[in-house]
Amino acid sequence: MDQTPFYRQSYGARRDQLAQASHLTADQLATLAANRQTTDEDLIENYLTTYGLPEGVAVNLQVDGQAVAVPMVTEEPSVIAAASNGGRLLSGQSGITTVVANHELMGQIVFQHVADQPALRQWLQDHEATLLAVADAAHPSIKRRGGGARSIRVRLLRPDWVSLDLFVDVSEAMGANLVNTMAEAVATYIRSQLDVDILMSILSNFATRSLVTASCVVPVDQMKTKTISGQTVAQRICAASDYAQIDPYRAVTHNKGIMNGIDAVVLAMGNDWRAVESGVHAYASRRGRYQGVSRWWLDDDQKLHGELTIPLTLGVVGGATRVLPLVSVNQLIAKVTSVRQLMGITAAVGLAQNVAALRALVTDGIQKGHMHLQLKSLALSVGAQEAEVAAVAERLADQTQPTIEQAQTALTVVRA
Ligand code: NDP
């Protein structure tokens, strides 16, 4: 038995060990091998294979006066259709407008067992300029790129903790690594000056200074369905939005729908979707209760207004953006050349996704359109081959709630 730690074994030895332990068949091993990308082997640890996800493109989006095609990576049917449908609903006039309030990431240096909190706060505030200089010196190139440490904030937390918050303009990067480097350097400097117990130094994913707002104003008529007037649909969308402000059970699902689109764009752009997810959900709870991150309301002029504000910690450089080959292609498709543009487009997709979901929910219900788009994945899940998928889906189209059993029967019929 090889005693070499798993992570130090060769690729072949690791794969063989797993194959033996999991009784993988020759076909299963061939699948792992077929998806192996040697360029990915240094990206993560204990590399086994590369797990592909489908990529599609949302269309009909008009963001800040430009028509944008947005690459989205997702395994969920209907997400891209909904984003495109939402884009269409919000198109015309100015489309979706976005404003990036700021793009600063926060590092925090956490002190514990602080005997005199006000005194520590005073010292930190008195030394702000030095602390910012120490931070910049830890990653000097960021200043040349137009960023750098910008300010500090001191928070006293009960009973005896203090957080020194360091705000850094991370320029075009997501900035996690560079902020961590800066926060650790600042902690080392403070330790050299004061007798303090610093528990940790790390960025915060609650990125309240990396906020982007996507908004739109559309005539209510654009919301009409074949059977319901635009005004009624718009009123119901507003009611659904109000309800997501008061009931966390609904708010989570309201936001999940928004994140369907946002995560898919974040993945396509090679960014850290865990950072975005945690930041958005924390922001949804900022008032002490979990709420929807978008709002919809009507004005006196028969116009429907929508607005979504969320923190987005994204980058167009750094992280995996230059490692995953499709990211630069996706940046070109979406015509993204700056992080602020990427933040805007991503938030715009979230708003489009939201209006499409709410409109469906308050009119026909989500299942009608959703199940139609799920038919192909249902066909695939029962083993339909590429040439059989359309025929199986067609046979299932009449069912209101198609089941796996019905899909299997449909496949058998198609193959007969
Ligand atoms: P990188 O360190 O990979 O990239 C950032 C670097 O890119 C900068 O330090 C800079 O280095 C270089 N760069 C080149 N051009 C520019 C520009 N125009 N603007 C800014 N920087 C530029 O990644 P990040 O610091 O961005 O961190 C993101 C990664 O960290 C992600 O992979 C994320 O998953 C991971 N991460 C996330 C954490 C979290 O969210 N909690 C924690 C830890 C890591 P230079 O100037 O020297 O060339």
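The table for this structure:
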item: Looking only at the range 27-49, and only at residues there that are among the hydrophobic types (A, V, I, L, M, F, W, C) and open to solvent by 60 Å² or more (accessible area, probe 1.4 Å), the one that is nearest to L324 (Cα to Cα); result: L43
item: Residue match in the range 167-178 (condition: assigned to a helix (DSSP H, G or I), surrounded by 16 or more Cβ atoms within 10 Å (Cβ to Cβ), modelled with pLDDT of 95 or more and within 16 Å of the ligand (Cβ to nearest atom)); result: yes
item: The range 179-227, residues that are within 16 Å of the ligand (Cβ to nearest atom) and without any contact (Cβ under 8 Å) to a residue 60 or more places away in the chain; result: T181, E184, A185
item: Tally, over the range 279-317, of residues that are touching a residue at least 60 places away in the same chain (Cβ under 8 Å), open to solvent by 40 Å² or more (accessible area, probe 1.4 Å) and within 16 Å of the ligand (Cβ to nearest atom); result: 1
item: Pick from the range 243-271, criterion among the polar types (S, T, N, Q) and open to solvent by 10 Å² or more (accessible area, probe 1.4 Å), ranking: nearest to the ligand (Cβ to nearest atom); result: N271
item: Members of the range 136-166 found to be out of contact with any Leu (no Cβ under 6 Å at 6 or more places or on another chain), touching a residue at least 40 places away in the same chain (Cβ under 8 Å) and surrounded by 21 or more Cβ atoms within 10 Å (Cβ to Cβ), listed by number; result: L166
item: Restricting the range 393-416 to residues that are among the hydroxyl-bearing types (S, T, Y) and within 33 Å of the chain's Cα centre (by Cα), the residue that is most open to solvent (accessible area, probe 1.4 Å); result: T400
item: Scope the range 179-217; condition under 26 Å from the mean Cα position of the chain (by Cα), β-branched (V, I, T) and assigned to a strand (DSSP E or B); matching residues; result: I202, V212, T213, V217
item: Some residue of the range 84-94 being modelled with pLDDT of 95 or more, more than 26 Å from G365 (Cβ to Cβ) and open to solvent by 80 Å² or more (accessible area, probe 1.4 Å); result: no
item: Residue check, L24 farther than 26 Å from T346 by Cα and either among the aliphatic types (A, V, I, L, M) or buried (at least 16 other Cβ atoms within 10 Å of the Cβ) (or both); result: yes
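The values are calculated or read from the model by the stated rules, or taken from the named source; none is laboratory data. Computed from a predicted model, the values in this text were never measured in an experiment. Every residue, glycine as well, gets a Cβ built from its backbone with ideal geometry; the counts of neighbours run over all protein chains shown. Remember, those area values only see protein heavy atoms, side chains included, never the ligands or the DNA or RNA. Shrake-Rupley method; radii C 1.70, N 1.55, O 1.52, S 1.80 Å.
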